[in-house]
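Following: one structure in structure tokens, then a few remarks.
The values are calculated or read from the model by the stated rules, or taken from the named source; none is laboratory data. These figures come from a predicted structure and were not determined experimentally. Reconstructed Cβ throughout: ideal geometry from the backbone, glycine too, with neighbour counts over all protein chains shown.
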Amino acid sequence: MAEDPHVIRWETAQDGLDKLIKSTRQMPKPEKGEVLVEIHTISLNYRDTEVAMGLYNHHKSIGNAKVVPCSDMCGVIVDIGDTKSGDWQVGDRVLSIFNQTHLTGQIKEGDMAYGLGLPLDGVLQTHRVFPVTALVKAPNYLTNEEACTLPIAAVTAWTSVNVLSPIDDAGSHEPTVLLEGTGGVSIAGLQIAGAAGARTIIISSSDDKLARAKSLGATHTINYRKNPDWHDTVMKVTDNKGADIILETGGAQTLRKAFDCISFGGVIACIGYLSGKQDPPDDRTNVNVLALRRTVTLKGILNGPRDKFEEMLRFYETKQIRPVVDKVFSFDEGVEAFQYLHLTEVEERLEKAEALLRTFFTDAELSQMLVHGITNGGNVQPRHQGDLNSTTLQSGYPPGQRTQSPTGVFSDAQQRSQSFSAQETGSDQKVDVSYLESPTASRSNVPDDAPLPLENLPAADDDFEWDERESSWNVADPGGGGPSLGGGGVDSEVPKITDGMATLTANDSNAGFLGSVSGSALLRLIWMGAGAEETTTSASNERRKTLDQLFDQRASDYPTASNWLRAQPMLTRAMVDTLIDAYFALYHPTFPILHESSFREQYARLSGRVSRSTWHTLANLVAALGSFVSSTCTDETHATLFNAVKANLSIDSLETGSITLVQAFAMAANYLQKRNRPNSGYNYGGIALRLAISLGLHKEFRGWQTAPFKKEIRRRVWWSLCVLDVGATVTYGRPLNWPQVGVDIPFPSNVHEKELPVNAASLPPEVNEATVYTYVRTQSSYHLHTIRIYNRLISNPIPSAAELISLDDELIEVWLKSLPPYFRDDNLPLPNEYLLGHAIGRWRFRIMRIIMYRPFLIRWAQDRLDATATSLISSTQTLSAESIATKRCLKAAEECISAVFDFWSSATHTRLAACYFLLQAALIPIHCLRRNPTHSDAVSWRDSILTSLSIINAMNNLNPSAPKCRDIIHRLCGDNLNLKPRPQTQSQPQTQQETASWNTYPGDASYGNPFSFQNPDSTESGMNPWMTEIDTAIEGYDTYVDRLSNVAMAGMGREGGMHGAFTSNDGTQIGTGVQDWDWGLML
């Protein structure tokens, strides 16, 4: 008995190209209105690979069930359901239509549920039943391989070029058709347009493919890799008229250029999205404006109806057009055919990526990056040389061949350099600088040449030299590896830990000078001061090496930048528009060095062309900072933009002077500090300050007849520089550069920015509420008040507790009383854009008090903090100067942590977060808790530490230093941080990602080490380097405290050892000076 006939078919669960499986089904019988077709050839399309990989999900009717892929076929009718099946006869050679119900006119949403290859089973099988209306007759002159390529690629191209009127009815006008790429649709469009007598322009990144396109009749060819501004070339070859029809297959990265080279009244047929399935979420290209500019018709094309297919076939037969077939596979080679098509698509995308990179880098730089990538990831050779148009598979069942026509569309994602201009501004109130003059300071009896303890002495051979250049392929945060620029030895082999706030920079080599009030002072001593016995150079180098590797050992726990080459963004004008919005929304309120409305007005006039002007440099800086403050740690778009800034800023820039250049260098300085390049930022800021002085921004000249707007801009730029320069200098513990005499320019007016237009005849009246300039006014005043305090802190001999208290009352308290009610030191309900600036002001003066008084707190903790000691805060007896200083230090730390909590619980968070202030304050209760965990105030200290930890955990996705700070706190506290359940006095702030907060750890001894470090990849000593080095750091902690307490003794005029120096418990000699215990100073 004969075996029942059956169907062999390929199925995909939409889970990968390599997971297609072959199965068999019983041979179906056609019903009324249906025919059974024996399929001979099938053509593969870009859509088919997406279906197989589970990436095609454009309609609600599409599910994830198993499906037979593919929609293009040529076959023969072998059975008819009834005798009234139209004109079809057994033996007719037919082609399928893509949407089985789309017979004429505009496609309807309901038709989308009847697409072959998804949602309906497709044609990658030996037989299939079709409705009699879902087929067209195959042209007799074409082979099966050629004919099966027509349903998707050719019909889509035909619909596109005839979207408004038949292309061959253009009369005397010779239409121009632009085709993006050399995929199936583009090549079919080239053949159709050429046969209709149109002029054709085709773009590709391959000269070989362009040569083949030329042989097919292309009038003009453009290699967009060599000519990124291909839209300009299109305008040139069309006598500035543009293309009448553009087959737009690239998507977001090419659409804007298509608008730039379309003719007046032209048509852009949107077909594909090779540059990406989704536009960037911040891409807001104004299509309305672009379309209205040249009355453009923008039309989405989803193949075409049956009657258009038949119309196209008549045209093909008349013109005898023969489709191009790339490669033929047998039916049994279905997996290989899909992989071949996918590799062709990938190669197309790689060519485009390389073309894009060439717009940023020279060939030599690109080669270096590619070699670096091969070193890390292995060399994957391409399996074949990509070709034009179609690939065909031959079936092992009745002659069944499958033809692949890859829709190779082009995404020319050339970056458009943007630029920005800034105007200048001014107020008539004068600045009181009398508090800059210091009274006779109290002096302790210490020789002038006595060194400051914890001063960063240079290594004998480096003289504070530093190098903060970064390899072009790696812009990760500190600790990220990369090719070394130097020779051998520790300096070249060990990546340096450097952060922009001088917080984690404990290494004394290649980091520049960081003073005793800098953020690195405590970490430097704890880590490098291992003890008197470790005096050899080799021991020091080894400790420095392990320090630099400290955070690298747990890199997977810390959010760091992804590999630079992988992270390069495809920048469009729309994306830059969004970054500018982010800049003014998130960054501008705390650094209003630009005038928003005038900047936006000038930006709107940009042509989009690359320019090396200063204003274009400023533009890229605005976008870079907008990207930085609005993104997470893994987004490196800002690095790409800053590379463009560095490319435009040259040594020639120092031979000119303008306010725009001042703004550019100032913004670059702030960006570099935030990007953990403190010395580079310090230099850029110094240039900005000197340029400003050379322009006379520090003066407001009497009788100067100039516009109020210009005067106000000058004021805003100068005092924004004050906040930047003094803040950075204090952060690094370096002598101040800010001029303290000869400055008479008033603070900026407290007006809303929009109320001062460029052409204003006079300044608007000041308002009695917060504005974008209130922060600059109050913080500039703060810096002017506290300069005397800072100068005393970094001077030798050091101030006594009594002198510091006097300076506090005279300067900081006076500044606090001068604050306007709408910006006072309180948790105020301000608009969101002013919350960060107001909060920084509240944190900053408290951190200054912590720095001033902590030597006395440490002395108190060392001498009197025992189990029976009463609370210092609750003491009612008359307090000495030392006790008052200690009390103020504890109070400032507690208040600072509480103020950070208030901010974090209510405000919108960006990378301009509070981590550095928070850690600086948290170290005070941490130190006290370590000294005596059973003290009567220990509960309060624990509350402060736990509150700090909860906030730091919430910062993980925004600040790459947050997890490092968290681990240090856990390790410092150890078992002293009792986690037994307790009533919460403050609610936990919401994290922006799912991170473990402090109360997720078990309340036992393991809390001191909340992570498991049983790692088989340990060091030779058998311990994880992270834990080994943390333990080493903690061992040096008591040495540090002893030295700092001796410093406090010197400041109080006590005897602490030999004249001019003090002996610590470890036998080392200590000089005098107020030292810094600061891992996160941000003043």
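Taking region 225-250 as the range and being hydroxyl-bearing (Ser, Thr, Tyr) and buried (at least 19 other Cβ atoms within 10 Å of the Cβ) as the test, only THR249 passes. Residue selection: SER806 fails the criterion of being small (Gly, Ala, Ser) and either buried (at least 21 other Cβ atoms within 10 Å of the Cβ) or not in a helix (DSSP H, G or I) (or both). Within region 831-852, is even one residue assigned to a loop (DSSP other than H, G, I, E, B), farther than 25 Å from ARG690 by Cα and not assigned by TED's automatic domain parsing to the domain that holds CYS896? So far as region 831-852 goes, no, none of its residues is assigned to a loop (DSSP other than H, G, I, E, B), farther than 25 Å from ARG690 by Cα and not assigned by TED's automatic domain parsing to the domain that holds CYS896.
The residue pairs whose first member lies in region 181-200 and is touching a residue at least 24 places away in the same chain (Cβ under 8 Å), whose second member is part of a loop (DSSP other than H, G, I, E, B) and aromatic (Phe, Trp, Tyr), and whose beta carbons are closer than 9 Å, counting only pairs six or more residues apart or on different chains, are GLY181/PHE410; THR182/PHE410; GLY183/PHE410; SER186/PHE410. For the structure I just gave you, tell me whether ALA669 is within 17 Å of PRO592 (Cα to Cα), in a helix (DSSP H, G or I) and free of Cβ contacts under 8 Å to residues at least 60 places away in the same chain. For ALA669, the condition - within 17 Å of PRO592 (Cα to Cα), in a helix (DSSP H, G or I) and free of Cβ contacts under 8 Å to residues at least 60 places away in the same chain - is met. For region 122-135, does any single residue satisfy the condition of being closer than 22 Å to GLU317 by Cβ, basic (Lys, Arg) and either surrounded by fewer than 24 Cβ atoms within 10 Å (Cβ to Cβ) or more than 41 Å from the chain's Cα centre (by Cα) (or both)? No, because not a single residue in region 122-135 is closer than 22 Å to GLU317 by Cβ, basic (Lys, Arg) and either surrounded by fewer than 24 Cβ atoms within 10 Å (Cβ to Cβ) or more than 41 Å from the chain's Cα centre (by Cα) (or both).
When the helices (runs of 4 or more DSSP H) confined to region 160-279 are screened for residues that are more than 29 Å from GLN320 (Cβ to Cβ) and over 35 Å from the mean Cα position of the chain (by Cα), those reaching at least 1 such residues are found at 230-237. Can you find even one residue in region 792-801 that is touching a Phe, Trp or Tyr at 6+ places or on another chain (Cβ under 7 Å), buried (at least 20 other Cβ atoms within 10 Å of the Cβ), at pLDDT below 95 and among the aliphatic types (A, V, I, L, M)? Scanning region 792-801, I find at least one residue that is touching a Phe, Trp or Tyr at 6+ places or on another chain (Cβ under 7 Å), buried (at least 20 other Cβ atoms within 10 Å of the Cβ), at pLDDT below 95 and among the aliphatic types (A, V, I, L, M), so the answer is yes. Those residues that are among the charged types (D, E, K, R) and modelled with pLDDT under 95, I need them from region 28-58; list them, please. Within region 28-58, LYS29, GLU31, LYS32, GLU34, ARG47, ASP48, GLU50 qualify.
Residues are listed down the side, and each one gets a yes or a no for (1) under 18 Å from PRO592 (Cα atoms); (2) without any contact (Cβ under 8 Å) to a residue 12 or more places away in the chain; (3) aromatic (Phe, Trp, Tyr):
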residue	(1), (2), (3)
LEU625	yes, no, no
PHE628	yes, no, yes
ASN643	no, no, no
ASP652	no, yes, no
GLY657	no, no, no
VAL662	yes, no, no
LYS674	yes, no, no
ARG690	no, yes, no
LEU695	no, no, no
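Here is a yes/no grid of residues against (1) touching a His at 6+ places or on another chain (Cβ under 9 Å); (2) at pLDDT 90 or above:
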residue: GLY189; (1), (2): no, yes
residue: ALA213; (1), (2): no, yes
residue: ALA218; (1), (2): no, yes
residue: LYS226; (1), (2): no, no
residue: THR233; (1), (2): yes, yes
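Residues in region 673-693 that are surrounded by fewer than 22 Cβ atoms within 10 Å (Cβ to Cβ) and among the hydrophobic types (A, V, I, L, M, F, W, C): ILE687, ILE693. Select from region 817-843 the residues that are among the charged types (D, E, K, R) and touching a helix residue (DSSP H, G or I) at 6+ places or on another chain (Cβ under 6 Å) and write down the one among them that is surrounded by the most Cβ atoms within 10 Å (Cβ to Cβ). Checking each candidate, the answer is ARG842. Quick check, is PHE264 hydrophobic (A, V, I, L, M, F, W, C), at pLDDT 95 or above and over 30 Å from THR637 (Cα atoms)? No: the conditions fail for PHE264.
Set side by side, the residues LEU721, LEU661, LEU697, LEU691 differ, and just one is in the same structural domain as SER598 (by TED's automatic domain parsing), in a loop (DSSP other than H, G, I, E, B), at pLDDT 90 or above and of a type in the set (A, V, I, L, M, F, W, C), which is LEU697. Out of ARG846, ARG888, ARG854, ARG864, one residue alone is modelled with pLDDT under 90, among the basic types (Lys, Arg) and buried (at least 18 other Cβ atoms within 10 Å of the Cβ). It is ARG854. Scanning region 646-680 for residues that are within 20 Å of the chain's Cα centre (by Cα) and under 18 Å from HIS588 (Cβ atoms) gives MET667, ALA668, ALA669, ASN670, TYR671, GLN673, LYS674.
Taken over region 5-22, the residue count meeting the criterion of being assigned to a loop (DSSP other than H, G, I, E, B) and either surrounded by fewer than 19 Cβ atoms within 10 Å (Cβ to Cβ) or aliphatic (A, V, I, L, M) (or both) is 5.
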